[in-house]
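I have placed the structure first, in the form of C-alpha cells, so that the comments after it can refer back to it.
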Amino acid sequence: MSPSNLQTEWARLWADTVVQAGVGEVVVSPGSRSTPFVAACLERPELRVHSIVDERSAAFFALGQARVTGAPTMLLCTSGTAGAHYFPAVIEAFYAALPLLVVTADRPPELQGCGASQTIDQRDLYGRHVRSFIDLGVARADARSLAAMRSQVGQAIRQCCLPVPGPVHINAPARKPLEPVHAEDAQGRALARTVEALCRQPLVQELPVREEPEIEGVAELARSCRELPKGIIVAGPAAMEQRRVRQDVAALSELCGYPVLADLASQLGGGQPGHAPLDALFSEPCSELLSEVQLVLQVGRAPTSSRFGRWLDARPDLERWVLAERGVHDPWRSARAHLRGSLHETLPLLVAELAAGGPLPGDRQRLPARMSGARLVLDRLQQELIKLPTHRNSEARVVRSLLQSLPDDALLVLGNSLAIRLADLWGGLLPAGVSVLSQRGVAGIDGLLSGAVGSALSSGRPTALLLGDVSMLHDLSALGLAALDELGASLLVVVLNNEGGRIFNHLPIAEVHGGDSAEMRLWTTPHQLRFEQVAAMFSRTYQQRNGSDELEPLLVKAWTSGGLTLLELVVPRHASVAAEEALLSALEQCRAELLEGAELVSSGGLDAACSQVGEDADVAGC
C-alpha cells in the first residue's frame, strides 16, 4: 500500500526540481487536479505565483514574460480542455523560439477511457509544436522512480532553452488525495526523508553545446563583401537578446558601407537617425532607387515586408547570405548560403576578417548613389509628415504622437497588421533606449494585451502596447489580470479603433469586393463597438479621442499616473488607405525628382503631396 502522503511528497520533489532548474515565475490556471503541484509551488518562496482564470490569457502572459527574461515561465493547469487553451501561445513560442514550460495535471490511468469527467487524452496534446513531451506517470514511492522523475523534469526545463528555445510539455497525472497530506506513519516518514535527501542533491548540470561559426564560411562572406561594394544589411523581428549585437551590426555597416534596413522589431532598427522604414523603402516608388544593390546580408529572421519579398523575387541572381543562430530563415528559398552560429561570435569575426584584408578600396562608392537617394526621400518624407497639423484624423498621426511620447527606457509592444506597419514608418522618432517587442512567430492577433502585461511586469519598465480594435476584442479578459495591480510601472494600451480589420482594405481582396460591401465585411468584420464599458467593468482608467485631437496631454498623463491606461482612438474606417495612397504619391514625387537630377525640394511638390495625406484622411471621413 502506498504512503498516504505519496502525492504530496512527489509534488514537493517536483517543485524543488523546478526551482533548482531556474524557473522563477509560475502562472496557474485554477483547477482541482493540479492542486498538489500548486500547493507545492506555494511552499517555495523562490517562485512568484500568478493566478489567471482564462487559460489563453495565462499562456500569452507567460509568453510575454519569456520575451523579456529569456527564461521559461511555467504554466500549470488542471486536466481536460484547460491545457488546450494554451495551444495558440505554445505555437507562437515554438516558431518565435521562446522558452515556455507547460505542465498539465491529468487523471490517473484508471480514469482514462471510461467516461470519467474532465478527462481527455493529454499525451502529445501539442503534437509537433513542442521541443519535447514527457509524461511523468503517477506518483511512485521507490527511490529510483523519485530520482527518475527529478531527472526528467530537470531535463525538460533544460530543453526549453537548449539547443533551441521553445515550449516543452510535461503531463503529470495525480491521484487523490490532492490536498497536502503530512506523514502519519513510519512509511510516510521514510518517504519524506528520501525526498528531503534528493532535494539536497544538486541537479546534473548540462553544459550548452558551443555554437561556433564556420571559419571558412566567414572568410568566403568577407570576400563577397569586399568584391561587392553595393550591399545592404536586413533583419527581421527578433527577441530582445538580439539587441546585444546592435553594436556589432553597426560596426559591420560602417566598415562595409552597407546601410542597415531592419524591421522595427528586429532590435537593430529604429531609435536612430536615418532609420529607413523597410516596407516603405521597398515600395514601388522607391524600389527602383535600390536597383544597384549587389549583395543582401540578412541577420537573423527574414524581414516580414511583403514588398521586400517581391523586390527579391524580381532579382533571382542577387547574392544573399543569411547569418542566424539556428534554423532556416529563407522564405524565398534563394539564399546563396546559411552561416549558422552565435551572432555574438560570427559578426565580430566577420568584421575582423574584413579589417585583416587591408583597407577597402578608397574609390569605391560604399553607399550607392541611388540608395543614398532613397534614404533622402524617406528622411524628407518623415520631416514633412511631422509638420502636418495634429488635428487631422488618421492612424499615422496617432502612432507618431505615441512614439514621440515614449520614455527613454520604455518597452513598445506592437500588434500585428496595421499597428506594426505604421510604427515602422515612424521608427526614427523612437528614443534610442526603447526596446520593441512583437508577436511575429506566427503573427497572430490573440493574446497581445496578456503578453504586454507579462512583459511589463517582468521588466518593470514603462510599457506601451499599440494594437487594433479586433486584436483588443480577442483579449478583453486580460483587462482583469490581477498582475496589473502589481505593476511598478505604467502600461499604456493604445487601441486604434477603425471599426474592423482594416488591413484587408490594403490587400487585393479589397479590389475584388471594394469598400464596405456585404462580402467585404466577412474580412473587415466591422463592429461599431467602444471599449469604455468593458474598461469600467475591470475598473481601468479609460480615455477616448477621435484621432489625435488633444492627444499629447493624455499621453503625458498616462506615463505619470502608473498602472494601466486604456486609450481608445477612433479614426475613420478608410483613413489608412487614403494615407497610404498619399504617401506613395509623395514618394513617387521625390523619386522622380532624384532620378531627374533635380533638387529634392522643387516648386513645393513634396510639400503638396504630404499635405494631401491630411486632406485625404478627412475626405475618407467617419
Practice item. Can you confirm whether segment 219-232 contains a residue that is at pLDDT 90 or above and within 29 Å of Ser79 (Cα to Cα)? Key: no
Practice item. Looking only at segment 41-54, count how many residues are of a type in the set (A, V, I, L, M) and under 19 Å from Gly83 (Cβ atoms). Key: 3
Check your understanding: When the residues of segment 94-119 are filtered to those that are in a loop (DSSP other than H, G, I, E, B) and touching a strand residue (DSSP E or B) at 6+ places or on another chain (Cβ under 9 Å), which remaining residue is farthest from Val26 (Cα to Cα)?
Key -> Gln112
Review point. Among Ile91, Ile134, which is closer than 30 Å to Glu196 by Cβ and either in contact with a Gly (Cβ under 8 Å, 6 or more places away or on another chain) or outside any loop (DSSP other than H, G, I, E, B) (or both)?
Key: Ile134
Review point. Among the residues of segment 345-359, how many are hydrophobic (A, V, I, L, M, F, W, C) and either buried (at least 16 other Cβ atoms within 10 Å of the Cβ) or within 15 Å of Arg326 (Cβ to Cβ) (or both)?
Key: 5
Point to revise | Lone qualifier among Val153, Val164 - being closer than 30 Å to Leu437 by Cβ and crowded, with 18+ Cβ neighbours inside 10 Å | key: Val153
Review point. So which residues in segment 410-432 are touching a His at 6+ places or on another chain (Cβ under 7 Å) and either surrounded by fewer than 24 Cβ atoms within 10 Å (Cβ to Cβ) or polar (S, T, N, Q) (or both)?
Key: Gly428
**Study point:** Matching residues, segment 1-39, being free of Cβ contacts under 8 Å to residues at least 60 places away in the same chain, surrounded by fewer than 22 Cβ atoms within 10 Å (Cβ to Cβ) and of a type in the set (Gly, Ala, Ser)
**Key:** Gly24
Check your understanding: (1) within 26 Å of Pro163 (Cα to Cα); (2) free of Cβ contacts under 8 Å to residues at least 60 places away in the same chain; (3) touching a strand residue (DSSP E or B) at 6+ places or on another chain (Cβ under 9 Å): which one isn't true of Glu46, the others all being true?
Key -> (3)
Check your understanding: Name the pairs: first residue in segment 96-124 and loosely packed, with under 12 Cβ neighbours inside 10 Å, second residue part of a loop (DSSP other than H, G, I, E, B) and not aromatic (Phe, Trp, Tyr), Cβ to Cβ under 8 Å, at least 6 apart or on different chains?
Key -> Pro109/Val138; Asp121/Gln112
Exercise for review: Scan Gly514, Gly500, Gly480 and give me the residue that is small (Gly, Ala, Ser), on the phi > 0 side of the Ramachandran plot and either in contact with a helix residue (DSSP H, G or I) (Cβ under 8 Å, 6 or more places away or on another chain) or modelled with pLDDT of 85 or more (or both).
Suggested key: Gly500
Check your understanding: Quick one: would you say Tyr86 is buried (at least 22 other Cβ atoms within 10 Å of the Cβ) and in a helix (DSSP H, G or I)?
Key -> yes
Point to revise | Leu323 being closer than 15 Å to Leu290 by Cα and modelled with pLDDT of 90 or more | key: no
Study note, to complete from the structure: Considering residues that are assigned to a strand (DSSP E or B) and small (Gly, Ala, Ser), the number found within segment 155-209 is 1
Review point. Within segment 224-233, can one find any residue that is within 30 Å of Val413 (Cα to Cα) and either buried (at least 17 other Cβ atoms within 10 Å of the Cβ) or basic (Lys, Arg) (or both)?
Key: yes
Exercise for review: For segment 9-38, enumerate the residues that are touching a Ser or Thr at 6+ places or on another chain (Cβ under 6 Å) and among the basic types (Lys, Arg).
Suggested key: Arg33
Check your understanding: Where residues in segment 125-150 are of a type in the set (D, E, K, R), over 22 Å from Thr81 (Cα atoms) and out of contact with any Leu (no Cβ under 8 Å at 6 or more places or on another chain), which of them is surrounded by the most Cβ atoms within 10 Å (Cβ to Cβ)?
Key -> Asp142
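The values are calculated or read from the model by the stated rules, or taken from the named source; none is laboratory data. Remember, predicted model here, so these are calculated numbers, not experimental data. Here the Cβ is made from the backbone with ideal geometry for all residues, glycine too, and neighbour counts use every protein chain on show.
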